[in-house]
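Working notes for the structure below.
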Amino acid sequence: MNVDARTATHTSPTRGAGAAGETVTRLADERLGVGAAASTALRRATDRVVAFFSAITRWLGETVTAAGWLLVGALVVGVIGWWAFGLVEAAVIAVVAGVLLLTSVPFLLIAAGLEVRLELDRDRVVAGSEVGAHLHIRNGSARLSPPGVLDVPVGDGLVEAEIPLLLGAAEHVQPLTIVAPRRGVITVGPMTIARGDPIGILRREVSWPQIERIHVHPVTASIPSTSAGTVRDVDGVATTRIVDEDLEFHGFREYVPGDSMRHVHWKSTAKADKLMVRQYEEARRATIAVLLDVRADEYGEGEQADVAFELAVSAAASLAAQGLRDGREVQFVVDAGVGERGRRRTTSITTLPTHHRTALLDATCLLERHADAQRIDDVARLVADTFPTTTLAFSVTGKAIELDRIRKTAFALPLGARSATVRCDPGAEPTLRSAGGMTIITIGALDDLGRLIARGALS
């Protein structure tokens, strides 16, 4: 009857459904509402219970060691043996296990109030250097904090820092030394500390999420300026734009208010009987392109290939950095990392940031060799298309590159640009060869680059 009344209400109410019918329907809805509320409350209570026991299970798994579970088992067996069989030995085992478990519990609280902060002396260094750091440790609680060991992940390794006994609110500064042997980015952190009882029954790990990064720059060498005077700085290439100040003389014009008096040409002024000033053609600033070969097979195999590639990165970075010091526009170009499968239809290059020396060196920290990188002559063709005004180009590659590919690279660069190929062969005798419009510089160490350029590698 109640079901019929409820159904009638949800469809179309019948005539004559008086007060009684309305009363029945209301009672049915109330019963349905009470049932739904009870079901919801039961479901929520069940979820809470499940979440509680899940948290307990997770906590036990993270806290209780193998020795701890052994003691728990001994406690259970001891209680059963004493209760069921009256064995005194079982009672002794249960008591000992229980005492050990209870005495280990306070050790779980000793790291709760610790505050740890890492401070680096610097976040940019040169490969082969060391970075000083300080761990600021504070006991933020009123409880005594016993000694411990703080684990500090450094790259793929781990540095352990000793934490002394700390009274409530006490602070301690622990110095650290981080070694940066190779170019790259070193991630430091997050820091963790594991505390537990002396016999290893319970163990608690506390972590601090702070992460610091150290950019390890490639070693760079001092090389001669890439602009030997003003002639090379402008390379003799002028634009059609007429300006009032530059290096390329254009002609004379009549003086107008605001012109600098140092540009007045007095001889022409005397002839024209009015002030005449010099005009200049805006000279085009030289653009340097540094092409770094990142194709793996050009550097050989094994550890020697790694050494050769690091030498190449250092050489390329040195050339680009010197160009920036000379005030030139610098393009540091590498393969964009498109694989062979994708390269069947497209090729691409990537330019590293060169607005500042630090930004450039930061970017070089991430350079790696790739087996499927495009060859350096293909990179040179894209450079010619993208930067046609390049006036000076360096192609830096490995010892395994073929002479034919060096030739293709040199002739693929923009027409009129002076170019040189730098072959990196660790331990090799430095040589300088010029033939057929090509300049090939072979270096066995980074210092060789500066000496060979000083001997006229760019002449």
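Leaving out same-chain residues fewer than 8 places away, which lysines sit with a Cα under 28 Å from that of Lys399?
Leaving aside lysines fewer than 8 places away in the same chain, those within reach of Lys399 are Lys408.
Quick check: pseudo-label points 7 Å beyond the Cα along Cα→Cβ at Arg455 and Val179, how many nm apart are they?
In this crude label model, Arg455 to Val179 measures out at 3.6 nm.
Under the Karplus relation 6.51 cos²θ - 1.76 cosθ + 1.60, θ = phi - 60°, what is the ordered set of whole-Hz ³J(HN,Hα) values for segment 75-90, x standing for Gly and Pro?
5, 5, 5, x, 5, 5, x, 6, 6, 8, 10, x, 7, 5, 4, 5
Hey, can you grab everything whose amide H is under 5 Å from the amide H of Val290? Only 5+ residues off in sequence or another chain; H modelled, so Pro and N-termini drop out.
It is Gln331, Phe332, Val333, Phe394, by chain and number.
Along the charge dipole of segment 111-217, which of Met191, Ile211, Leu167 sits closest to the positive end, that is, farthest toward it, with unit charges on the beta carbon of Lys, Arg, Asp and Glu (+1, +1, -1, -1)?
Value: Ile211.
Could you list which residues have their amide H under 5 Å from that of Ala336, counting only those 5 or more apart in sequence or on another chain, with H placed in the peptide plane?
Answer set, sorted by chain and number: Ser348, Ile349, Thr350.
I need the phi-derived Karplus couplings for segment 428-433: 6.51 cos²θ - 1.76 cosθ + 1.60, θ = phi - 60°, integer Hz, Gly and Pro marked x.
Each residue of segment 428-433 in turn: 6, 6, x, 9, 9, 10 Hz.
If r is the Cβ-Cβ distance from Asp362 to Lys267 and R0 is 51 Å, what FRET efficiency results, to the nearest 0.05? Intermediate results must be reported in sequence, preceding the final value.
On the way: r = 54 Å, r/R0 = 1.05.
About 0.45, to the nearest 0.05.
Can you give the FRET efficiency to the nearest 0.05 for Phe53 and Val99, using r as the Cβ-Cβ distance and R₀ = 35 Å?
On the way: r = 27 Å, r/R0 = 0.76.
After rounding, the FRET efficiency stands at 0.85.
At a Förster distance of 41 Å, what's the computed FRET efficiency of Arg213 paired with Ala445, Cβ-Cβ distance as r, to 0.05?
For Arg213 and Ala445, the calculated efficiency is 0.90.
Quick one: what are the phi-derived ³J(HN,Hα) couplings along segment 160-167, Karplus 6.51/-1.76/1.60 with θ = phi - 60°, whole Hz, x for glycine and proline?
Each residue of segment 160-167 in turn: 9, 10, 7, 10, x, 5, 10, 6 Hz.
Taking amide H positions as placed in the peptide plane 1.01 Å from N, state which residues far from Val422 in sequence (5 or more) or on other chains have amide H under 5 Å from it.
Ser395, Val396, Thr397, Ile441
We did not get these values from a lab; they are worked out from the coordinates using the rules stated. Owing to the predicted nature of the structure, the values given are computational and were not obtained by experimental measurement. Neighbour counts are summed over all protein chains in view; Cβ atoms, including those assigned to glycine, are modelled from backbone coordinates with ideal geometry.
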